[in-house]
1. Please specify each residue of region 290-314 satisfying the condition of being assigned to a loop (DSSP other than H, G, I, E, B) and open to solvent by less than 90 Å² (accessible area, probe 1.4 Å).
2. Regarding ALA165, is this residue part of a strand (DSSP E or B), open to solvent by less than 50 Å² (accessible area, probe 1.4 Å), of a type in the set (A, V, I, L, M) and more than 30 Å from ASN237 (Cβ to Cβ)?
3. From VAL266, VAL222, grab the single residue that is in a helix (DSSP H, G or I) and either modelled with pLDDT of 95 or more or open to solvent by 50 Å² or more (accessible area, probe 1.4 Å) (or both).
4. Pairs needed: first member in region 308-321, without any contact (Cβ under 8 Å) to a residue 40 or more places away in the chain; second member anywhere, surrounded by 10 or more Cβ atoms within 10 Å (Cβ to Cβ); C-beta distance under 9 Å; at least 6 residues apart or different chains.
5. Test ASN65 against the stated conditions and say whether it is open to solvent by less than 60 Å² (accessible area, probe 1.4 Å), touching an Asp or Glu at 6+ places or on another chain (Cβ under 6 Å) and at pLDDT 95 or above.
6. Scanning for something without any contact (Cβ under 8 Å) to a residue 40 or more places away in the chain and aliphatic (A, V, I, L, M), does region 124-131 turn up at least one residue?
7. Which residue pairs have Cβ atoms closer than 6 Å, lie 6 or more positions apart in sequence or on different chains, and pair a first residue in region 244-260 that is at pLDDT 95 or above with a second residue that is among the basic types (Lys, Arg)?
Amino acid sequence: MKLGLVTDSLAAYPLERAAAICRELGLEQVELGCGNWSPAPHVDLKQLTADAGARRRLLDILAENGLAISALNCSGNPLFPGEKGERDRAVAADTFLLAEQLGLDTVVMMSGLPGGCPEDRTPTWIVTSWPPETEEILRYQWQAAVPVWRGLAARARDHGVRHIALEFHGWQLVYNVETLRRLQSEVGGDLLGVNLDPSHLFWQGIDPVAAIRRLGDAIYFVHAKDTRLDPLNGPVNGMLDTKRFTREQERSWLFRTVGYGHDALVWKDIVSNLRLVGYDDVLSIEHEDSLMSPREGLEKAIAFLKGVLMYDSKNNDVFWA
């Protein structure tokens, strides 16, 4: 396994400095944010897709710092009603093109979320089965989502993208194993899989290990990010929390640097089960911890994960058996 970084974690730095920091920290891979919900601090998508020289400069800067690109990320809402959804789909299409031009086959995305009816101008996330109209809303949302995703999948395949890794996240049509399986069955093929980010599983009450075992080879990418479930606020208010992340003392949960939400044993179990189902690739650190600076968070995450990751290949000499 290898350690990498979501480049948004170093958004305050230009690419050259961000790459140098990655080298200083001993990282091997970078996941480049390309737009939509990412500010794309190190990628000018239009320039890179149009200019082979710009692409060479990007690759040269990374290579000079011992870095390779693990994936491109264009997470946004391709199902948003109206023009916003069209814009997010356009960014996704350009990201597929850039992946082809850079020789990459994995793009990280989110599934997105439609409105609740044809007249809606904003998405709505259904998380209960009552009152009865929730069933009709969900029926409409899946009817709206499937054709869009079939089109996105066809576009991705045209550009040689083999893996779209969807992140389980709140306010998305796909947020757990069951909803992923449904979209996979509707779209067909093995293009759609998972970007496994345990931080979103923890607050939803999903056991990451159980999810890993159920997902198996559908895990195409992994984010290393943690969540701390607040022992005082959570039991009172539950985990469906709409307060801003800056209200740390009031929230039921917070995104944290790995090791600050769950201990090493939990993360060792996650890593071991990833290997068990065949994932032996990158863990891409994503810093979204409001209690520490990006540099400190990354240093602590790397130190923690170095004690958790298994770097060598699987042991096939099981002599004791």
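1. SER290, MET292, SER293, GLY307, VAL308, LEU309, MET310 - these are the residues of region 290-314 that are assigned to a loop (DSSP other than H, G, I, E, B) and open to solvent by less than 90 Å² (accessible area, probe 1.4 Å).
2. yes
3. Just a single option satisfies the conditions, and that option is VAL266.
4. Correct list of pairs: SER313/ASP280; LYS314/ARG275; LYS314/ASP280.
5. Criteria not met by ASN65.
6. Yes: region 124-131 contains one or more residues that are without any contact (Cβ under 8 Å) to a residue 40 or more places away in the chain and aliphatic (A, V, I, L, M).
7. GLU250/LYS243; ARG251/LYS243; LEU254/ARG228; ARG256/ARG228; THR257/LYS300
Each row is one residue, and each column tells you yes or no for (1) open to solvent by less than 70 Å² (accessible area, probe 1.4 Å); (2) small (Gly, Ala, Ser); (3) in contact (Cβ under 8 Å) with a residue 24 or more places away in the chain; (4) assigned to a loop (DSSP other than H, G, I, E, B).
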| position | (1), (2), (3), (4) |
| --- | --- |
| LEU97 | yes, no, yes, no |
| VAL107 | yes, no, yes, no |
| LEU113 | yes, no, yes, yes |
| THR122 | no, no, yes, yes |
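The values are calculated or read from the model by the stated rules, or taken from the named source; none is laboratory data. These numbers were taken from a predicted model, which means no experiment stands behind them. Neighbour counts are summed over all protein chains in view; Cβ atoms, including those assigned to glycine, are modelled from backbone coordinates with ideal geometry. Side chains are part of the model used for accessible areas, which takes the heavy atoms of the whole protein and leaves out ligands, DNA and RNA. Shrake-Rupley method; radii C 1.70, N 1.55, O 1.52, S 1.80 Å.
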